[in-house]
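The values are calculated or read from the model by the stated rules, or taken from the named source; none is laboratory data. Note that this is a predicted model, so its numbers are computed, not measured. Every residue, glycine among them, receives a Cβ derived from its backbone with ideal geometry; neighbour counts consider all protein chains shown.
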Amino acid sequence: DLKSYHVFVVMGASGDLAKKKIYPTLWWLYRDNLLPKKTFFLGYARSKLDIKDFLTQKCRQYMKVKPDEEEKFNEWVSKNHYLAGSYDQSESFAQLNSKIVEISRFYEPETDDANRIFYLALPPSVYTSVTQLLSENCKAKKPHFTRVIVEKPFGKDSKSSSELSTHLSKLFTEEQIYRIDHYLGKEMVQNLIVLRFANQIFKRIWNRDSIENVSITFKEPFGTQGRGGYFDEFGIIRDVMQNHLLQILSLVAMESPISKNAEEIRNEKVKVLRSIPEIKLEDVVLGQYVGNPNGQGDEKMGYLDDPTVPAGSNTPTFCCAILKIKNERWDGVPFILKSGKALNERKAEIRIQFKEVSGDIFDNSCARNELVIRVQPDEAVYMKISTKKPGINFNPLETELDLTYKHRYDGEYMPDAYERLILDVFLGSQLNFVRTDELAEAWRIFTPLLHKLEKENIKPIPYVYGSRGLPEADELCAKVGKYTYNKN
Ligand code: BG6
């Protein structure tokens with residue numbers, strides 16, 4: 001119902017996430033006229049602050065306001081309001097409710113409420129009380145809607161995550177809960193469904209008969225950057241693998257959905273996750289970065305040199321894991337997930353290696369085909385194929401059918417992941433959000449391994465800041481099949 005007023009409430013408005021991501025995203029959506037016209041914004045946090053000063057002074061550096069956008073920017077700022085209150089007192093939430101009604105009436109005297117979206121940009125420690133009090137005090141009057149956006153971590157293992165899910169499900173319906181996994185807002189991740197199900201050529205070869213292995217890689221060229229205290233509680237598996245990489249895997253591996261309806265797609269994602277057995281210790285290689293004495297600045301700092309990381313921590317900052325999918329389509333095809341901090345480059349990509357050419361007449365000189373979907377940086381889809389080496393010869397040469405976005409779609413506006421996802425919440429589309437059962441399956445796959453690592457205090461292998469990866473990870477991949485890794 002886009003005719004009513006909408007209020008977007010940022011819970012934790014004074015925090016880092018709000019400052020660096022949420023407010024800038026709201027501004028970009030407003031700037032591009034993508035939000036319903038009748039929308040206002042309300043920040044909520046414990047500290048007293050002047051929201052106009054906060055947006056124009058503290059947030060502005062993240063907002064990329066162009067000189068000719070000043071007027072529009074001020075217009076957006078003027079639609080922002082703020083209320084200070086606690087995270088655990090009913091009275092504060094009653095005040096929040098009154099404030100929403102009061103502002104709605106200010107904008108539209110005829111109305112008695114607005115559609116309400118609450119973004120929880122908060123530490124997990126206050127999740128339970130905030131959601132409880134929101135549900136008791138701040139739900140919109142029907143027919144207006146209430147939607148709640150939650151950020152990870154969604155628990156730390158199966159048990160804690162299921163407790164959180166049970167808690168939320170008592171307060172809100174599944175249709176009201178939007179669990180953000182920002183990888184689902186990335187262009188190339190969203191493209192997976194189109195590539196797979198809008199191309200007959202891919203449909204036929206997307207299985208164990210043609211595919212040798214699939215690898216999904218996430219690399220970052222920096223360490224914990226002062227976030228060591230947070231990171232150490234979670235580690236790389238919980239930070240990016242159990243969520244971002246597994247979400248990508250489910251989109252790559254799921255069966256064809258009945259339609260592009262969000263529930264149909266999420267049903268298929270859950271189904272494929274259910275076909276994945278728990279990961280065992282022998283299926284992983286774990287690493288932790290150490291400083292590079294010849295590096296510059298931060299590169300000299302190992303994980304354990306971060307003062308916020310507890311001494312002697314065994315938390316992994318790198319993990320390579322082999323997942324198996326026990327179903328008709330994928331039986332025997334290794335899915336290799338790799339993720340690491342403080343490596344040699346920033347890269348997220350999906351690499352599908354095909355089987356060798358059958359009945360090869362070129363004396364084994366044909367490289368295997370590969371389809372690469374580069375999520376970032378520099379979005380691209382490219383297919384490695386063999387072609388005749390140009391000139392007077394008859395030899396195959398490996399080359400690429402290359403769809404690099406910056407060449408093909410130069411100038412096309414590519415919204416940030418958060419922009420797409422927040423817009424989806426306004427529109428009520430849950431396609432790119434994680435459903436409770438998906439989350440439970442994701443934890444089921446990783447929980448036994450995580451518990452074993454913690455109980456037995458298993459030591460990760462040290463690697464130097466800036467490494468390509470771990471040779472032990474390459475060896476693990478080589479063991480599971482004909483995996484050829486690229487030089488990087
Ligand atoms: C977050 C992780 O979810 O994703 C971070 O907590 C990581 O550790 C980040 O750096 C990566 O996101 P992006 O969009 O920069 O690839």
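Can you name the condition, by its number, that I22 falls short on among (1) touching a residue at least 24 places away in the same chain (Cβ under 8 Å); (2) outside any helix (DSSP H, G or I)?
Unmet for I22, out of (1) touching a residue at least 24 places away in the same chain (Cβ under 8 Å); (2) outside any helix (DSSP H, G or I): (2).
Please state which one of L29, L42, L49 is hydrophobic (A, V, I, L, M, F, W, C) and surrounded by fewer than 21 Cβ atoms within 10 Å (Cβ to Cβ).
L49
Please specify each residue of the stretch 11-26 satisfying the condition of being of a type outside the set (D, E) and closer than 18 Å to P153 by Cα.
Of everything in the stretch 11-26, those that are of a type outside the set (D, E) and closer than 18 Å to P153 by Cα turn out to be M11, G12, G15, L17, A18, K21, I22.
Please specify each residue of the stretch 125-142 satisfying the condition of being over 28 Å from H451 (Cα atoms) and without any contact (Cβ under 8 Å) to a residue 12 or more places away in the chain.
Matches in the stretch 125-142: K142 only.
Taking the criterion of being over 20 Å from K269 (Cβ atoms) and within 15 Å of the ligand (Cβ to nearest atom), would at least one residue in the stretch 358-375 satisfy it? It would help to see each step written out before you state the result.
Here is the first cut: in the stretch 358-375, the residues over 20 Å from K269 (Cβ atoms) are 358-372, 374.
Restricting the remaining residues to those that are within 15 Å of the ligand (Cβ to nearest atom) gives 374.
Within the stretch 358-375 (the criterion being over 20 Å from K269 (Cβ atoms) and within 15 Å of the ligand (Cβ to nearest atom)), the answer is yes, since at least one residue qualifies.
List every residue pair whose Cβ atoms sit under 7 Å apart, with the two residues 6 or more apart in sequence or on different chains, where the first one lies in the stretch 143-159 and is among the polar types (S, T, N, Q) and the second, anywhere, is in a strand (DSSP E or B).
If the second residue must be in a strand (DSSP E or B), the pairs left are T146/R116.
Can you tell me which of D68, D53, D88 is acidic (D, E) and in contact (Cβ under 8 Å) with a residue 24 or more places away in the chain?
So the residue among D68, D53, D88 that is acidic (D, E) and in contact (Cβ under 8 Å) with a residue 24 or more places away in the chain is D88.
Quick check on this structure: which one of Y289, Y230 is among the aromatic types (F, W, Y) and more than 19 Å from S467 (Cα to Cα)?
Answer to the check: Y230.
Among E356, E412, E400, which is touching a Lys or Arg at 6+ places or on another chain (Cβ under 9 Å), surrounded by fewer than 16 Cβ atoms within 10 Å (Cβ to Cβ), of a type outside the set (A, V, I, L, M, F, W, C) and in a loop (DSSP other than H, G, I, E, B)?
On the way: E412 fails: touching a Lys or Arg at 6+ places or on another chain (Cβ under 9 Å); E400 fails: in a loop (DSSP other than H, G, I, E, B).
Residue meeting the stated conditions: E356.
Quick check: anything in the stretch 199-214 surrounded by 16 or more Cβ atoms within 10 Å (Cβ to Cβ), under 22 Å from the mean Cα position of the chain (by Cα) and farther than 27 Å from V126 by Cα?
Within the stretch 199-214 (the criterion being surrounded by 16 or more Cβ atoms within 10 Å (Cβ to Cβ), under 22 Å from the mean Cα position of the chain (by Cα) and farther than 27 Å from V126 by Cα), the answer is yes, since at least one residue qualifies.
Can you name the condition, by its number, that A13 falls short on among (1) closer than 27 Å to S429 by Cα; (2) modelled with pLDDT of 95 or more; (3) in contact with a helix residue (DSSP H, G or I) (Cβ under 7 Å, 6 or more places away or on another chain)?
Checking A13 against (1) closer than 27 Å to S429 by Cα; (2) modelled with pLDDT of 95 or more; (3) in contact with a helix residue (DSSP H, G or I) (Cβ under 7 Å, 6 or more places away or on another chain), the one that fails is (3).
Give the residues of the stretch 106-123 that are surrounded by 18 or more Cβ atoms within 10 Å (Cβ to Cβ) and either assigned to a helix (DSSP H, G or I) or of a type in the set (S, T, N, Q) (or both), sorted by residue number.
N115
Just the residues that are in a strand (DSSP E or B) and in contact with a Gly (Cβ under 6 Å, 6 or more places away or on another chain), please, taken from the stretch 79-105.
The first filter runs over the stretch 79-105 and keeps only residues in a strand (DSSP E or B), leaving 80-84.
Selection gives Y82 alone.
This table checks each residue for (1) farther than 24 Å from S158 by Cβ; (2) at pLDDT below 95.
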position: N207; (1), (2): yes, no
position: S215; (1), (2): yes, no
position: Q225; (1), (2): yes, yes
position: G228; (1), (2): yes, yes
position: G235; (1), (2): no, no
position: V240; (1), (2): no, no
position: L246; (1), (2): no, no
position: L249; (1), (2): no, no
position: E255; (1), (2): yes, no
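Quick one: would you say E264 is closer than 24 Å to R329 by Cβ and surrounded by fewer than 17 Cβ atoms within 10 Å (Cβ to Cβ)?
Here the answer is yes, as E264 does meet what is asked.
Across the stretch 386-412, what is the total count of residues that are touching a residue at least 24 places away in the same chain (Cβ under 8 Å) and under 31 Å from the mean Cα position of the chain (by Cα)?
3
Being within 25 Å of G481 (Cβ to Cβ) and free of Cβ contacts under 8 Å to residues at least 40 places away in the same chain is the requirement here; does S365 meet it?
When the stated conditions are applied, S365 passes them.
For S14, indicate whether it is loosely packed, with under 15 Cβ neighbours inside 10 Å and closer than 20 Å to S129 by Cα.
Details: loosely packed, with under 15 Cβ neighbours inside 10 Å: no; closer than 20 Å to S129 by Cα: yes.
No, not satisfied.
If I filter the stretch 329-351 down to residues being within 14 Å of the ligand (Cβ to nearest atom) and assigned to a loop (DSSP other than H, G, I, E, B), which single residue comes out as farthest from S467 (Cα to Cα)?
So the residue we want is R346.
Please note which helices (runs of 4 or more DSSP H) are completely contained in the stretch 147-250 and include at least 2 residues that are out of contact with any strand residue (DSSP E or B) (no Cβ under 8 Å at 6 or more places or on another chain) and near the ligand (Cβ under 10 Å from one of its atoms).
Result: 228-236.
Quick one: A478 ticks every box in (1) more than 16 Å from the ligand (Cβ to nearest atom); (2) modelled with pLDDT under 95; (3) in a loop (DSSP other than H, G, I, E, B) except a single one, so which number is it?
A478 satisfies every listed condition except (3).
With the structure loaded, tell me whether I258 is in a helix (DSSP H, G or I) and either more than 16 Å from the ligand (Cβ to nearest atom) or on the phi < 0 side of the Ramachandran plot (or both) or whether it fails that test.
It is false that I258 is in a helix (DSSP H, G or I) and either more than 16 Å from the ligand (Cβ to nearest atom) or on the phi < 0 side of the Ramachandran plot (or both).
Out of (1) touching a Lys or Arg at 6+ places or on another chain (Cβ under 7 Å); (2) aromatic (F, W, Y); (3) in a helix (DSSP H, G or I), the odd one out for Y289 is which?
Of the numbered conditions (1) touching a Lys or Arg at 6+ places or on another chain (Cβ under 7 Å); (2) aromatic (F, W, Y); (3) in a helix (DSSP H, G or I), the odd one out for Y289 is (3).
Pairs under 8 Å by beta carbon, first residue more than 28 Å from A253 (Cα to Cα) in the stretch 215-234, partner within 11 Å of the ligand (Cβ to nearest atom) and aromatic (F, W, Y), six or more apart or different chains?
If the second residue must be within 11 Å of the ligand (Cβ to nearest atom) and aromatic (F, W, Y), the pairs left are T224/F231.
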